[in-house]
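Undergrad: Structure in structure tokens, see below.
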Amino acid sequence: MLNKFLGAAIALTMSTTAFAADFKPAVIYDMGGKFDKSFNEGVWNGVQKFTAESGVEVMEFEVTNETQREQAMRRMAERGATVILGVGFAQADAISKVAAEYPDRQFSIIDVGWLDAPNLRQYVFKEHEGSYIVGVAAAKAS
């Protein structure tokens, strides 16, 4: 599911960023790293698929300390990233601040829906809908 989600997130973000040789996406994984068997790993799988299909390399950083979030986003913007994706709501404060500092860059964040910036897209899962489907499957199986 996250593979499809990341592809859709990048595609939607690219709709405001011309897809050309200067398209440079970056991902900031949150604590737990890209092999956490959860959110980060799903995004990492999506990044791998995106790179394989498009040939576009994605800059990556794995946060190991809470203080690294803002610093990593700023560093990616300074390195020329045109789209920066923050994984998880814990990155909300950092991405909000850095997006304001770099209005010429596009930012995206997963699992946040309360920020307000013209260069920031937010993607929120509807966890209750997946739970409903699991409930229906369990009821039919019993």
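The values are calculated or read from the model by the stated rules, or taken from the named source; none is laboratory data. In this text the structure is predicted, and so the values were computed from the model without any measurement. Note: ideal-geometry Cβ built from the backbone for every residue, glycine included; neighbour counts use all protein chains shown.
Undergrad: Cβ-Cβ below 6 Å, separation at least six or inter-chain, first residue in the range 53-82 and closer than 14 Å to ARG105 by Cα, second polar (S, T, N, Q) and part of a loop (DSSP other than H, G, I, E, B): which pairs?
TA: What qualifies is THR82/THR17.
Undergrad: So, TYR132, is that one of a type outside the set (Lys, Arg), more than 19 Å from LYS24 (Cα to Cα) and surrounded by 17 or more Cβ atoms within 10 Å (Cβ to Cβ) or not?
TA: In short, no.
Undergrad: Does the range 15-23 contain at least one residue that is among the β-branched types (Val, Ile, Thr) and modelled with pLDDT under 55? Reasoning before the result, please.
TA: Restricting attention to the range 15-23, the residues satisfying the condition of being among the β-branched types (Val, Ile, Thr) are 16-17.
Okay, now just the ones that are also modelled with pLDDT under 55, so 16-17.
Looking through the range 15-23, at least one residue is among the β-branched types (Val, Ile, Thr) and modelled with pLDDT under 55.
Undergrad: Quick check: anything in the range 43-53 of a type in the set (D, E, K, R) and either modelled with pLDDT of 90 or more or crowded, with 17+ Cβ neighbours inside 10 Å (or both)?
TA: yes
Undergrad: When residues of the range 83-101 are filtered for being farther than 14 Å from ALA117 by Cβ and free of Cβ contacts under 8 Å to residues at least 24 places away in the same chain, how many remain?
TA: Residues meeting the conditions: 1.
Undergrad: From the list ALA94, ALA77, ALA99, pick out the single residue that is touching a strand residue (DSSP E or B) at 6+ places or on another chain (Cβ under 6 Å), at pLDDT 95 or above and among the small types (Gly, Ala, Ser).
TA: ALA99
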